[in-house]
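**Student:** Here's a structure for you.
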2 protein chains.
Amino acid sequence: MPPQTTSLSLAAVLQQRRDRLAELHPEPVVLWSGQAVSRNFPANTYPFRANSHFLYFAGLPLANAALHLEGGRLTLFMDETSAEAALWHGPSPSRDAIAADIGADAAYPYQDLDSYLGEAATLSAQTTAAERRKALVKAVVALRLHHDDYALDQIKRAAAVSVTAHKAGMVATPGATTEAQVRAAMEQVIMGQGMTCAYNSIVTVHGEVLHNEQYHHALAPGDLLLADVGAEAPSGWASDITRTWPVSGQFTAPQRDLYNLVLAAHDACIAAARPGIEYRDLHLLACRTLAAGLVDLGILRGDPDTLVERDVHALFFPHGVGHLLGLDVHDMEDLGDIAGYEPGRSRSDRFGLQFLRLDRPLAANMVVTIEPGFYQVPGILGPARQSGQYDNAINWDRLKAFDGVRGIRIENDVQINSTGCTVLTAILPTRADAVEDLVSGA
Amino acid sequence: MPPQTTSLSLAAVLQQRRDRLAELHPEPVVLWSGQAVSRNFPANTYPFRANSHFLYFAGLPLANAALHLEGGRLTLFMDETSAEAALWHGPSPSRDAIAADIGADAAYPYQDLDSYLGEAATLSAQTTAAERRKALVKAVVALRLHHDDYALDQIKRAAAVSVTAHKAGMVATPGATTEAQVRAAMEQVIMGQGMTCAYNSIVTVHGEVLHNEQYHHALAPGDLLLADVGAEAPSGWASDITRTWPVSGQFTAPQRDLYNLVLAAHDACIAAARPGIEYRDLHLLACRTLAAGLVDLGILRGDPDTLVERDVHALFFPHGVGHLLGLDVHDMEDLGDIAGYEPGRSRSDRFGLQFLRLDRPLAANMVVTIEPGFYQVPGILGPARQSGQYDNAINWDRLKAFDGVRGIRIENDVQINSTGCTVLTAILPTRADAVEDLVSGA
């Protein structure tokens, strides 16, 4: 999706956000940006990432800064760059210039914040009593759940770079011998566009390891490579894409069968995503689609609905179908399940539902991921087989024909619109033959 | 420098290190590895970097682990990977297997560490009284100042990857339009080799901003591009290289004059580096070489020695000529100046010496950087000119002829050997014409 520009200035967008906050939460609020974190010694820090709640209202990734919000007014607290810091780190805009960019009503040295703290609610359990904090969290979640045009534009920009990165990874695969080389080709695109990774990339021939952050495996011609890589714009807005492609440029027949099944689950969710639908129902739709397809392939036996009720599908798809996407790749996960779960709901104990990160009805301008998968995780399937309890549901002999498939996931970023949804990352192919063409350079 | 292998196993190397520690510090010691740090929400962490003192004695970048060292014995404290963690993060070696790899004498769950803490010295001011901590720091510094063969081999491996990265940056420059693209081409090499960056890269046409971690400037044909980029091996050992090259592939005459002057300062230090020489004297040698050259170019007036005594050179070279290199790119800088400064010495107040990070006599198997530079920092030269106090030493009119030179630095990693030194990064050209050839693909 080509980047779009919005008609509103950053300052006007931020004014709208805090006017909405003032409606939901008239009491004063203080939010901190945070500071750079040391990697191994004080001067050697990780790249600074500002707190997402701060970014939502400040727009700029300022370090060592704080905001005071009250009745739509914005007061910025940060120190001017010292002469010595300017000498080493270069000139930077003055506090007043930054305040003007973000439309702040006032701007003061950081230490002046102290006198504002007593009356303000914060998101820190250390400085704000539980009930007061809860009210602020509720207001912030209500705002951040539904993205404004500026946010959507930023997410689209990040998504466009992620798409290019995935194409670069596919193109680089025939010439690569390790996962690390493909990862490097993908992250080079993100870095070259002046963006960062929204999360630690997963680029692996062991897609069955769901959070695999190692890249040392060699690539073999029969392998599937799973790449879960997403760019984050300098403003902090994230994207999140997964594709799975054959190292050889050609899916084997069993790989293609399971790839097409995961794609069918993905496509079914996209077709169903619209305002009002429960995200949990999209998840269950993906589960039923997978179960039915696994029956068709002879891997599972029985009625798909019953298989899903028994969580048999979850042995091969043990995670949720996706999550909120925004300033965080799992948006607002710093607040636990408060953003992901509608008030009054909580995580299920069921194996097939416990990893679902989002359980709300969808609404216009929410952005979510849709990311079904199929995995053969030894730590799940080994005990399941040994237990004997799935012998009436799983044809273990037939499953052997699919040994070459350790992990497949297909993930896109989806904006709910007024009647359905828009796939923000649709320009990156999902069809098996189109993916093969990209890898093999056809 | 091609990677070399050492004859000793990791376990044998670590045994030697702790035997040496036991000689210097017979009392028990506890060192922690640290844990992954959150980026914006708990599950989204920065890539984990283990504490360098832990790495020195543990050899492996274990997270959430601790070591107890006493009389040459090593006890490892870490928890086994839980079944659930293994499910999501993949299988990992057992505690006993890790203990065997690093030659630990015993290995226990993390919580068992508690009973060892009372008697042990640590590097944490929170858990160890100042005098006791000081004794441990002294012993650790004494060990880590002089590298064993295993460490040198690891540094050489990192250096070899950094060399390749710099060549890739030069080659990518003609096709790049922004700093970010050149940075991406360089870091792609490091990532593709399974290494990480030892520090946040500096890749900029504004080399006069000494700690420039932004990459958004466009490249113009007349610009010099300064790249300070170094790889870190998975074991944690670092490298650190700077080169400065013309974006066009061709230095202008004033650029070449100043480049050759910085190179002359660099070469003079390399020629003089040997056991017994004071690192401060190498710094002053670089200063005098620069001052004499600036006199020859008509930029400075007067006797070079007198100019250095007046710190006139430091207006153009405001940092030290280098630093210790090891597990940290500024090795052991987490301990302040204790490693860098010989006991009894401390930072000078002089502008030309206050940023010197290392003030010790060099000795065999120390690794240091040599990195003289020439910069036109507006925040330094502006006030200097306005003050009038350098009018008898600086020909401001003549300086205008060198407007196109904002920042040049040339940096190599140097191992002190028994009679002189070995430049570990010598395979990457420094001569102006060789650099031009790499950039222009000649």
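**Student:** With θ taken as phi - 60° and the coefficients 6.51, -1.76 and 1.60, list the Karplus ³J(HN,Hα) couplings across region B:73-90 in order, rounded to whole Hz; mark glycine and proline as x.
**Tutor:** 8, 10, 10, 9, 10, 6, 8, 5, 5, 5, 4, 5, 4, 4, 4, 8, 9, x
**Student:** At q = 0.09 Å⁻¹, what log₁₀ I(q)/I(0) does the protein assembly as shown have when each alpha carbon counts as one equal point scatterer in the Debye sum?
**Tutor:** Normalising to I(0) and taking log10 leaves -1.04.
**Student:** Let me ask you something else. Quick check on chain B: helices-only [θ] at 222 nm, where DSSP H runs of length 4 and up contribute -39,500 (n - 2.57) each and the sum goes over total residues. Nearest 500, please.
**Tutor:** Rounded to the nearest 500, the figure is -11000 deg cm²/dmol.
**Student:** Now for a separate question. Counting only other residues whose beta carbon sits under 15 Å from that of residue A:179, what net charge do I get with K and R as +1, D and E as -1?
**Tutor:** Local charge sum for residue A:179: -2.
**Student:** Indicate the gyration tensor shape class of region B:67-138 (rounded, prolate or oblate), computed on the Cα atoms with a ≥ b ≥ c the square roots of the eigenvalues: a/c under 1.5 is rounded; otherwise a/b larger than b/c is prolate and the rest oblate.
**Tutor:** Prolate, since a/c reaches 1.5 and a/b exceeds b/c.
**Student:** Shifting gears a bit: How big is D for region A:115-258, in µm² s⁻¹ as a whole number, if Stokes-Einstein is applied with the Kirkwood radius of its Cα pairs at 25 °C and 0.890 mPa s?
**Tutor:** Rounded, D is 140 µm²/s.
**Student:** Quick one: if you take sqrt(5λ) for each eigenvalue of the C-alpha gyration tensor of region A:10-144, what semi-axes come out, biggest first, whole angstrom?
**Tutor:** They are 26, 18, 13 Å, listed from largest to smallest.
**Student:** Near the amide H of residue B:225, under 5 Å away, which other amide H atoms are found, from residues 5 or more places off or on another chain, if H is placed in the peptide plane?
**Tutor:** B:245, B:247
**Student:** Let me ask another. What are the residues of region A:25-42 that lose 40 Å² or more of accessible area, with a 1.4 Å probe, going from their chain alone to all protein chains?
**Tutor:** Residues losing area: A:37, A:39, A:40, A:41.
**Student:** For the protein assembly as shown, with every protein chain kept in place, what is the accessible area per residue (1.4 Å probe, Å²)? Could the numbers behind the result be given before it?
**Tutor:** Details: 33620 Å² over 884 residues.
I get 38 Å² per residue for this part.
**Student:** Just for the Cα atoms in region B:334-442, what are the lengths along the principal axes, largest first, rounded to whole Å?
**Tutor:** Taking the Cα atoms of region B:334-442, the three principal extents are 49, 47, 26 Å.
**Student:** Springs between alpha-carbon pairs under 10 angstrom, Gaussian network model over chain B: which of B:213, B:371, B:187 fluctuates most?
**Tutor:** With Cα springs under 10 Å in chain B, the top fluctuation among B:213, B:371, B:187 is at B:213.
**Student:** Separate question: Work out the charge dipole of the protein assembly as shown with +1 on the Cβ of Lys and Arg and -1 on the Cβ of Asp and Glu about the Cα centre, then indicate which of B:14, A:429, B:34 is farthest towards its positive end.
**Tutor:** Checking the options against the dipole of the protein assembly as shown, the answer is A:429.
**Student:** How about region B:300-407: which trypsin sites (Lys or Arg not before Pro) there lie in a loop by DSSP and see at most 13 other Cβ atoms within 10 Å?
**Tutor:** When the trypsin sites (Lys or Arg not before Pro) of region B:300-407 are filtered for loop state and at most 13 Cβ neighbours within 10 Å, B:345, B:350 remain.
**Student:** Which number comes out as Rg/Rh for chain A once both Rg and the Kirkwood Rh are worked out on C-alpha atoms?
**Tutor:** Here Rg/Rh amounts to 1.01.
**Student:** When Lys and Arg each count +1 and Asp and Glu each count -1, what net charge do the other residues less than 15 Å away from residue B:8, Cβ to Cβ, add up to?
**Tutor:** Spelling it out: positives minus negatives among the neighbours equals -2.
**Student:** Among A:415, A:386, A:354, which one shows the biggest mean-square fluctuation in a GNM of chain A, springs joining Cα atoms closer than 10 Å?
**Tutor:** Fluctuation is largest for A:386.
**Student:** Name the most mobile residue of A:348, A:201, A:235, meaning the one with the largest mean-square fluctuation, in a Gaussian network model of chain A with Cα contacts below 10 Å.
**Tutor:** Per the Cα network of chain A with a 10 Å cutoff, A:348 tops the list.
**Student:** Something else: Under unit Cβ charges (Lys, Arg +1; Asp, Glu -1), what dipole magnitude, rounded to 20 debye, does region A:313-442 have relative to its Cα centre? Provide the component values of the computation, followed by the final result.
**Tutor:** Numbers: 11 positive and 17 negative charges, 88 e Å.
The dipole of region A:313-442 has a size of about 420 debye.
**Student:** What total accessible area, in Å², is buried where chains B and A meet, using a 1.4 Å probe and rounding to the nearest 100?
**Tutor:** Chain pair B/A: roughly 4100 Å² of buried accessible area.
**Student:** Select from region A:79-98 all residues whose loss of accessible area on going from the chain by itself to the full protein assembly reaches 30 Å² or more (probe 1.4 Å).
**Tutor:** Residues meeting the cut-off: A:87, A:88, A:89.
**Student:** Separate question: Assigning unit charges at the beta carbon (Lys, Arg +1; Asp, Glu -1) and nothing else, what dipole magnitude in debye, to the nearest 20, does the protein assembly as shown show about its Cα centre?
**Tutor:** Magnitude of the dipole: close to 400 debye.
**Student:** Any idea how far apart residue B:417 and residue B:256 come out in nm if each label point goes 7 Å out from Cα toward Cβ?
**Tutor:** Here the modelled spin labels are 3.3 nm apart.
**Student:** Taking H placed 1.01 Å from N in the peptide plane, check which residues at least 5 places from residue B:363 or on another chain put their amide H under 5 Å from its amide H.
**Tutor:** The answer is B:276.
**Student:** Which ³J(HN,Hα) values, rounded to whole Hz and listed in residue order, are derived for region B:18-34 from phi using the Karplus coefficients 6.51, -1.76 and 1.60 in 6.51 cos²θ - 1.76 cosθ + 1.60 with θ = phi - 60°, glycine and proline given as x?
**Tutor:** 7, 5, 5, 4, 4, 5, 7, 8, x, 5, x, 9, 10, 10, 9, 8, x
**Student:** Run the accessible area of region A:213-347 with a 1.4 Å probe and give the carbon-and-sulfur part as a rounded percent.
**Tutor:** Whole-percent figure for carbon plus sulfur exposure: 53.
**Student:** Report, to the nearest whole %, how much of the accessible area of region B:1-145 belongs to carbon and sulfur atoms, 1.4 Å probe, protein only.
**Tutor:** Carbon plus sulfur share of accessible area: 53 percent.
**Student:** Size of region B:9-76 along its principal axes in angstrom, Cα-based, largest extent first?
**Tutor:** 44, 26, 16
**Student:** Run the reach check for residue B:156 against lysines, Cα to Cα strictly under 18 Å, same-chain hits fewer than 8 apart removed. What comes back?
**Tutor:** Straight-line reach from residue B:156, under 18 Å: B:167.
**Student:** Average partner chain C-beta neighbours within 10 Å, per residue of B:194-204?
**Tutor:** Counting other chains' Cβ atoms within 10 Å and averaging over B:194-204 gives 3.
**Student:** On the full set of protein chains, 1.4 Å probe, figure out the accessible area of residue A:225 and give it in Å² to the nearest 10.
**Tutor:** About 0 Å², ignoring ligands and nucleic acids.
The values are calculated or read from the model by the stated rules, or taken from the named source; none is laboratory data. Computed from a predicted model, the values in this text were never measured in an experiment. When we count neighbours, we look across all protein chains shown, and the Cβ atoms used for this are built from the backbone with ideal geometry, even at glycine. Keep in mind that these areas ignore ligands, DNA and RNA; they rest on the heavy atoms of the full protein, side chains included. Shrake-Rupley method; radii C 1.70, N 1.55, O 1.52, S 1.80 Å.
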